[in-house]
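Accompanying notes for the structure given below.
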Amino acid sequence: MAPSKQFYAISCINVGVGPGGTTSMLARIAIVDFRGNTLLDTYVAPTTKVTEYRTATTGIEPAHLLSRNAIPFNTVQQHVANVIKGHILVGHSIWNDLSVLGIPHPAIDTRDVALYQPFRNALRSPNHIVGLQTLSWQLMCRRCQESEQNHLENARAALDLYRSDATDWEEAIRRGSWPCALPPSTFSRCYL
């Protein structure tokens, strides 16, 4: 397995914009290192009017995004691009995170627990995305996302899931047998 410093886990929390608030916009982001130490944890200032804060699940309220602590999106985007460059990115449905960030990342440098075929097979769901909460509970007896989303906990849970089978995962890649399903084709722009 590659040295632990090469692995970072990411998780984003989004709010809704546009009619009905159905389009996602980045509101909070976390990046942790291989040991789960926080590298980034910040609110992101909105670039357009938020029409749905999704507070029941996100915990985000207008004051969070309008405070002086919320960092401008372009600053966060550039910082994240610099942080993840040359690193392996671990997460759950990473394409969603990359999409709201507007940052592509090499597919070979992703470890997406939502796409990892052995996890899907273990839960008898080989062709469907299994939620992080279900994966964590079924494979590690670990609870996460019991009420509001916690971006740090989500990043760490994805990292723990990866680490639980990292040796086999990396061995499959070393043998040239990519062990993951493909992300939805509409998100192909998120990968290099």
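I'm trying to understand the selection: among the residues of segment 6-23, which are surrounded by 16 or more Cβ atoms within 10 Å (Cβ to Cβ), in contact (Cβ under 8 Å) with a residue 40 or more places away in the chain and more than 14 Å from the chain's Cα centre (by Cα)?
Passing the criteria: only VAL15.
Output the number of the condition that GLU171 fails; it satisfies all remaining conditions of (1) open to solvent by 20 Å² or more (accessible area, probe 1.4 Å); (2) assigned to a loop (DSSP other than H, G, I, E, B).
Condition not satisfied by GLU171: (2).
Which numbered condition in (1) open to solvent by less than 70 Å² (accessible area, probe 1.4 Å); (2) among the β-branched types (Val, Ile, Thr); (3) in contact with a Phe, Trp or Tyr (Cβ under 8 Å, 6 or more places away or on another chain) is the only one that ILE29 fails?
The number of the failed condition is (3).
Tell me, which residue of segment 66-81 that is surrounded by 13 or more Cβ atoms within 10 Å (Cβ to Cβ) and modelled with pLDDT of 95 or more is nearest to PRO104 (Cα to Cα)?
Narrowing segment 66-81 to residues surrounded by 13 or more Cβ atoms within 10 Å (Cβ to Cβ): 66, 70-71, 73, 76-77, 79-81.
Restricting the remaining residues to those that are modelled with pLDDT of 95 or more gives 70-71, 73, 76-77, 79-81.
Values: ALA70: 23, ILE71: 21, PHE73: 16, VAL76: 15, GLN77: 11, HIS79: 14, VAL80: 11, ALA81: 9 Å.
Going through the qualifying residues, I end up with ALA81.
Quick check, is LEU139 out of contact with any Asp or Glu (no Cβ under 7 Å at 6 or more places or on another chain) and open to solvent by 30 Å² or more (accessible area, probe 1.4 Å)?
Values: out of contact with any Asp or Glu (no Cβ under 7 Å at 6 or more places or on another chain): yes; open to solvent by 30 Å² or more (accessible area, probe 1.4 Å): yes.
When the stated conditions are applied, LEU139 passes them.
Conditions tested, residue by residue: (1) in a helix (DSSP H, G or I); (2) under 30 Å from PRO72 (Cα atoms); (3) at pLDDT below 95.
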| residue | (1), (2), (3) |
| --- | --- |
| ILE108 | yes, yes, yes |
| ARG120 | yes, no, yes |
| GLU146 | no, yes, yes |
| GLY176 | no, no, yes |
| THR186 | yes, yes, yes |
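Looking only at segment 65-106, count how many residues are assigned to a helix (DSSP H, G or I), touching a residue at least 24 places away in the same chain (Cβ under 8 Å) and either of a type in the set (A, V, I, L, M) or over 25 Å from ALA166 (Cα atoms) (or both). Show your work before the answer.
Applying the first criterion (assigned to a helix (DSSP H, G or I)) to segment 65-106 yields 65-66, 73-84, 94-101.
Within this subset, residues satisfying the condition of being touching a residue at least 24 places away in the same chain (Cβ under 8 Å) are 65, 73, 76-77, 79-80, 83-84, 94-101.
Applying the additional criterion that residues be either of a type in the set (A, V, I, L, M) or over 25 Å from ALA166 (Cα atoms) (or both) yields 65, 73, 76-77, 79-80, 83-84, 94, 98-101.
Qualifying residue count for the region: 13.
All but one of (1) free of Cβ contacts under 8 Å to residues at least 60 places away in the same chain; (2) open to solvent by 30 Å² or more (accessible area, probe 1.4 Å) hold for ALA56, so report the exception by its number.
Only one criterion is unmet by ALA56, namely (1).
The values are calculated or read from the model by the stated rules, or taken from the named source; none is laboratory data. Since this is a predicted model, take the numbers as computed values, not measurements. When we count neighbours, we look across all protein chains shown, and the Cβ atoms used for this are built from the backbone with ideal geometry, even at glycine. For accessibility, only protein heavy atoms count, side chains too; no ligands or nucleic acids. Shrake-Rupley method; radii C 1.70, N 1.55, O 1.52, S 1.80 Å.
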